[in-house]
Amino acid sequence: MEIDPDDLFRDDEDDPDNELFQERESTKEFVVYLVDASPKMFTTTCPAGDRKDDTHFHVAVSCIAQSLKTQIINNSYDEVAICFFNTREKKNLQDLNGVYVFNVADREYLDRPTARLIKEIDNIEESFMSKIGSQYGIVSGSRENSLYNALWVAQALLRKGSAKTADKRVLLFTNEDDPFGSIKGVIKTDMMRTTLQRTRDAQDLGISIELLPLSWPDSDFNVSTFYSDLLGLKGDDLARFMPAAGEKLEDMKDQLRKRMFKKRLVRKITFSIANGLSIQLSSYALIRPTLPGAITWLDSVTNRPLKTERSFICADTGALVQGSAKRFQPYKTENIKFSVEELSEIKRFSTGHLRLLGFKPLNCLKEFHNLRPSTFVFPTDEELIGSTCIFIALHRSMLRLKRFAVAFYGSSSRPQLVALVAQDEIISAGGQVEPPGMHMIYLPYSEDIRNTEELHTGSNVAPPHANDDQTRNAAALIKRFDLKDFSVFQFANPGISFCKSFIESILSIFKLSFVCILFVLVAYRILGH
């Protein structure tokens, strides 16, 4: 097999050393939505006024449905499970009372969201009482603990995957700040102890538990009653959580969507400073564009994804070629053979480490030097002890001297220079706004920077220019553009949203055309007789 010289140095998106490939694999997330289905959740929260009567259960279900829609539009590889507790019926692999894992056909309990799942969860309120039912799972005179059972089921669902390659979370919706309020004495103490121990066991396995409290119009959710111990909130963390517990119900969807876009670790980087001194950094992807998904070929009978297999056939004999194919490059009168390992080694320009080259003043870094979205780096002491101390010393010196670091970084297929810009910590009354760390900005090569080209209509015609009045009006218009509480995480890629709307329009046209054809056939048959 002759080597294509262009293919030899072509970027391979599926290269395990490629940063974009590692970013895609590391951003996978497993989420279990844990929804309280006790009768208190079905109490109307807005009994009067012009607004439509809503229940906390409706708020929780609508939040989940909206998140699933956003997730499936963005073609996320995340996998989700929906679990109700304090239910009359039970449905879980552990056969525990008061816990119902909601699912649809052709889908595992923890799996990627499907259109059928979103449709069913949108309409679940209509049939919830008849099919699943609601009841209090923690009552006096009974040793049943539905919250403990729900955490156990959620932990079992999240056994899938490794905590090192995926983020595992449990999102808990409830409006009951004291789930053991009806229990007294030693029984209550024992139930609280076992529930907290179940939570610690889940956290030891790399599972984070987040509470989404639903407050009443006349009273706030008191997280200090029980859930502060479950979440491990103390001191400042507890003080910062209390305002979030009293937020309006209208903000719950935005709050959940912001939580879904969690900053996730992309990869670990070894930062070589000088004279054999190295520290370890963790890199995080702050902002990345959402790209359309690849085409998935399905079997025409089972509708399941097809697996691609490649085989080589000898052109002379037609037999299958056993073993890996050899690659060669003609050189003069010989064919120089290369193995797959040798080609991989030829492509390897760098070890993937970050190597410091020097420092430059901040005014040397221009805005147009930002080639693509930057990466945020932060020290970690997991493998190299002392990385945090060295990083802090370097970070403070760069801030004090107003310098940025120039370093060499790159995978086997993407070597390049980067600029490390130190960012100081920003704290407000509500807590930390910006964390301390460094932004790794990918610098362009000389041929990546091009001069702007002016378009002239003709040799004798002057190019159009705006007058002073037009310039002032345009500047005033731009200044008036202000999006309140704007966050890039609240908006999906407009191109993907347009593509989805276009596909839905095409499907609607096909459906209408099918109905018209069917009507014509029926009319023809009737008239023919």
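What to note about this one:
- Residue match in segment 154-167 (condition: under 29 Å from the mean Cα position of the chain (by Cα), among the β-branched types (Val, Ile, Thr) and loosely packed, with under 13 Cβ neighbours inside 10 Å): yes
- Selection status of Ser387, surrounded by 12 or more Cβ atoms within 10 Å (Cβ to Cβ) and under 21 Å from Ser283 (Cα atoms): yes
- Segment 464-487 residues that are closer than 25 Å to Val433 by Cβ, paired with ones that are outside any helix (DSSP H, G or I) and modelled with pLDDT under 90 (beta carbon under 9 Å, 6 or more apart): Ser487/Phe261
Here's the yes/no breakdown for (1) in contact with a Leu (Cβ under 9 Å, 6 or more places away or on another chain); (2) touching a residue at least 60 places away in the same chain (Cβ under 8 Å):
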{"residue": "Arg116", "(1), (2)": "no, no"}
{"residue": "Ser130", "(1), (2)": "no, no"}
{"residue": "Arg169", "(1), (2)": "yes, yes"}
{"residue": "Asn175", "(1), (2)": "yes, yes"}
{"residue": "Ser215", "(1), (2)": "yes, no"}
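- Of all the numbered requirements in (1) within 30 Å of Leu354 (Cβ to Cβ); (2) of a type in the set (S, T, N, Q); (3) modelled with pLDDT under 65, Asn75 misses one, and that requirement is (1).
- For segment 335-366, a residue qualifies if it is under 19 Å from Tyr442 (Cβ atoms), modelled with pLDDT of 85 or more and not basic (Lys, Arg), and the qualifying residues are Leu354, Leu356, Leu357, Gly358, Phe359, Leu362, Cys364, Leu365.
- Residue count for segment 364-384, restricted to those that are within 23 Å of Leu277 (Cα to Cα) and either surrounded by 12 or more Cβ atoms within 10 Å (Cβ to Cβ) or among the basic types (Lys, Arg) (or both): 8.
- On inspection, Asp236 fails the criterion of being modelled with pLDDT of 60 or more, touching a helix residue (DSSP H, G or I) at 6+ places or on another chain (Cβ under 9 Å) and among the acidic types (Asp, Glu).
- Residue pairs whose Cβ atoms lie under 7 Å apart, sitting 6 or more positions apart in sequence or on different chains, and linking a residue in segment 271-298 that is within 22 Å of Pro379 (Cα to Cα) and assigned to a strand (DSSP E or B) to a partner that is acidic (Asp, Glu) and modelled with pLDDT under 75, are Ala285/Glu23.
- Residue in segment 185-194 that is touching a residue at least 24 places away in the same chain (Cβ under 8 Å), in contact with a strand residue (DSSP E or B) (Cβ under 8 Å, 6 or more places away or on another chain) and of a type outside the set (Val, Ile, Thr) present: no
- Of the strands (runs of 3 or more DSSP E) lying entirely inside segment 410-485, those containing at least 1 residues that are charged (D, E, K, R) and at pLDDT below 90 are 431-434.
- Tyr136 falls short on exactly one of the conditions (1) open to solvent by 40 Å² or more (accessible area, probe 1.4 Å); (2) in contact with a strand residue (DSSP E or B) (Cβ under 9 Å, 6 or more places away or on another chain); (3) in contact (Cβ under 8 Å) with a residue 60 or more places away in the chain, and that condition is (2).
The values are calculated or read from the model by the stated rules, or taken from the named source; none is laboratory data. Predicted model, so just to flag it, every value in this text is computed and none were measured. Neighbour counts are summed over all protein chains in view; Cβ atoms, including those assigned to glycine, are modelled from backbone coordinates with ideal geometry. Accessible surface is based on the protein model in full, side chains and every heavy atom, while ligands, DNA and RNA are left aside. Shrake-Rupley method; radii C 1.70, N 1.55, O 1.52, S 1.80 Å.
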